[in-house]
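Notes follow the structure.
The values are calculated or read from the model by the stated rules, or taken from the named source; none is laboratory data. If you're wondering where the values come from, they're calculated on a predicted model, not measured in any experiment. Positions of Cβ are generated from backbone atoms using ideal geometry, with glycine treated the same way; all protein chains shown enter the neighbour counts. We work out accessible area using only protein heavy atoms, side chains counted, and drop any ligands, DNA or RNA first. Shrake-Rupley method; radii C 1.70, N 1.55, O 1.52, S 1.80 Å.
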Amino acid sequence: MATAEPPNGLWHRNNKAHQSDELSSHAESHDNVQEDNLKQWQKHAQKVKVKVLEQVQDQLSDILDNALTESVQPFTHIQPTVNGKMTRKPSSRSQKMDNGKVFMDRASLLDELFEISHIRTIYHMFIAVLLIFFLSTLAVDYIDQGRLVLEFDLLFFAFGKLGTVTWAWGVMFVYTLLVPYYTLVFWGSLYHSLSSKLGLSMGTGLILSAVQTCVLGLFPIYTVVHNQLPPASRFIVILEQIRFLMKSYSFMRETAPVVMRNTPKEGESPRFPTFSSYLYFLFCPTLIYRESYPRNTHIRWNYVGVTLGMILGCLFYGYFILVRLCMPVFRLDTNQLFSKRTMVLAVFHSILPGIMLLLLCFFAFLHCWLNLFGELLRFADRMFYKDWWNSTSFANYYRTWNVVVHDWLYYYGYRDFLWLSKRKFRTAAMLSVFIVSAVVHEYALTLGFGFFYPVMFCLFAVFGVVFNFTMNDKRQNPAFNVIMWACLFLGQGIQVCLYSQEWYAQIHCPRKENSFWELVTPRSWSCSYQR
């Protein structure tokens, strides 16, 4: 049986059409594959970028720090001798602690992390929570009182008597600016010309210490107590008192040894730090004095505006946390005495506002406030903190939470203690730093709140020391990061709970006498009131 075949020309046309369809289909498929590959490559590149920024950043920062430290060591080991010739000190492992802090041009960690969209989303979430606080406060005020106007009575109360605060700050600033500097000049101009160098140094040191005790020690305490300043105003005066003490000590500690080592040639005057460098140091965001720091070329005024806006936002954020989460729990019509049930409930009610206040204080002060002054003064070294939130040990947390204060405690507390003990008693040096830090924290809270309740001291000097030695740097498992955060949650809850209870107990159960035990015994242990 014969089969019908298409004509020859028709077969060629069909064959060409079929080949053309195959070619177009193949080209289209190839384009789709290329497009898919391009999308996959873009996703992969984005993942690589995120991993590089998140995982390699710390290692790269450490490498740069070590490289810069090693690059400046040849210059730090070169010291002029009496005859003017330069001699190089031998480098050894024991001399690593003799090298001071090295400042370099680097940005704050959060500024770098905010360039990642995933991290920036977390920041946006906190802004959304602030808006929810704002709307909830408006809604509650409208329902309860029929008005849509926010009243910030708590803020006006907390920052009251700002005129007295400004006057007290001016006195402390003028004293810190003039007295330590010209005391150094007076002492240094006589040091190399007198035979009794020890007598001159001891006499000058005792006189300066006595004046420091009166002006930077007793005067701020008298100001906050005598004028009955409200809490925020109290904290401004006390924290500035501590800052000026630390700044002036660093200035004397860094410059006096240089004056003692460098004997001027005959007919020449000793070389002293410039007054402008000391004035700059009093405002720049560091507690370690240097005659010069790495500086930026210009001020980013848009960065200044945004940072100032974030500081104001944090201020209102703290207000809403206290008003919406703390005051409704502790400002009750009836205050009950201590019991296991009430204490456990109060502590767990305080965990959320406590950890939010901790994060808020970190962001407002260590990031926004210090970066604001750093930008205005073109101060280039912005490493005010490290990635403390990734810590798997409390030892690392204490080192990375507040680098500014840690540097001061390390170089003038821990390192000087080891120098005096000839590098022995490292545990005692660490304990002494913990005790000093705990005492200063408790001192600031006692004068800030107006009552003595050593919650911070116990948590810092007792539990902090235990955690520092038990959860040390050997703990690298991520589970220890969970433990660290759980301890922070619980610790903040305890502090907010106990300090809030004591605040209202002091209001409703005022002391009847001024005896010592009446002043140091917490009022909330025995106070029971009903309005």
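Considering only the other residues whose Cβ falls under 14 Å of the Cβ of Asn227, what net charge follows from Lys and Arg at +1 and Asp and Glu at -1?
Taking every other residue near Asn227 into account, the sum is +2.
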Volume per residue (Å³) of the convex hull spanned by the alpha carbons of segment 151-265 is 90
Here, Gln476 and Val174, labelled 7 Å along Cα→Cβ, have an inter-label distance in nm of 5.7
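Based on the mean of other Cβ atoms within 10 Å per residue, sort peptides 396-404, 478-486 so the most packed one is first.
396-404, 478-486
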If each K or R counts +1 and each D or E counts -1, the residues other than Pro273 whose Cβ falls under 15 Å of its Cβ total +3
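Provide the net charge surrounding Val258, with neighbours chosen by a C-beta distance below 10 Å and charges set as Lys +1, Arg +1, Asp -1, Glu -1.
0
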Flagged as over-length at 28 Å C-alpha distance, from Lys101/Lys265; Lys247/Lys474; Lys101/Lys422; Lys101/Lys474; Lys247/Lys386, the pairs are Lys101/Lys265; Lys247/Lys474
Ordering 218-226, 295-303 by per-residue average of other C-beta atoms within 10 angstrom, highest first, gives 218-226, 295-303
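Hey, with R₀ at 60 Å, roughly what FRET efficiency would Leu279 and Ile143 work out to, going by the Cβ-Cβ distance, to 0.05?
Values: r = 54 Å, r/R0 = 0.89.
After rounding to 0.05, the efficiency reads 0.65.
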Counting only protein heavy atoms with a 1.4 Å probe and every protein chain in place, the carbon and sulfur fraction of the accessible surface of segment 387-524 in whole percent equals 69
Burial-style ranking of 416-428, 369-381, 495-507, average other-beta-carbon count within 10 Å with highest first, yields 495-507, 369-381, 416-428
Carbon/sulfur accessible area of segment 151-265, % of total, 1.4 Å probe, equals 74
Taking alpha-carbon centroids only, segment 441-495 lies from segment 196-254 a number of Å equal to 27
Between the modelled labels at Lys197 and Val306 (7 Å from Cα along Cα→Cβ) the distance in nm is 5.2
Expressed per residue, the solvent accessible area of segment 387-524 in Å² (1.4 Å probe) is about 52
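On average, how much accessible surface per residue is there in segment 151-265, in Å², for a 1.4 Å probe, leaving out ligands, DNA and RNA? Each step should come with its number before you reach the end.
Numbers: 5880 Å² over 115 residues.
With the other protein chains kept in place, segment 151-265 gives 51 Å² per residue.
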Taking N as the number of residues in segment 387-524, the ratio of its alpha carbon radius of gyration to 2.2 N^0.38 Å works out to 1.23
The FRET efficiency for Glu513 and Leu206, from their Cβ-Cβ distance with R0 = 30 Å and rounded to 0.05, is 0.20
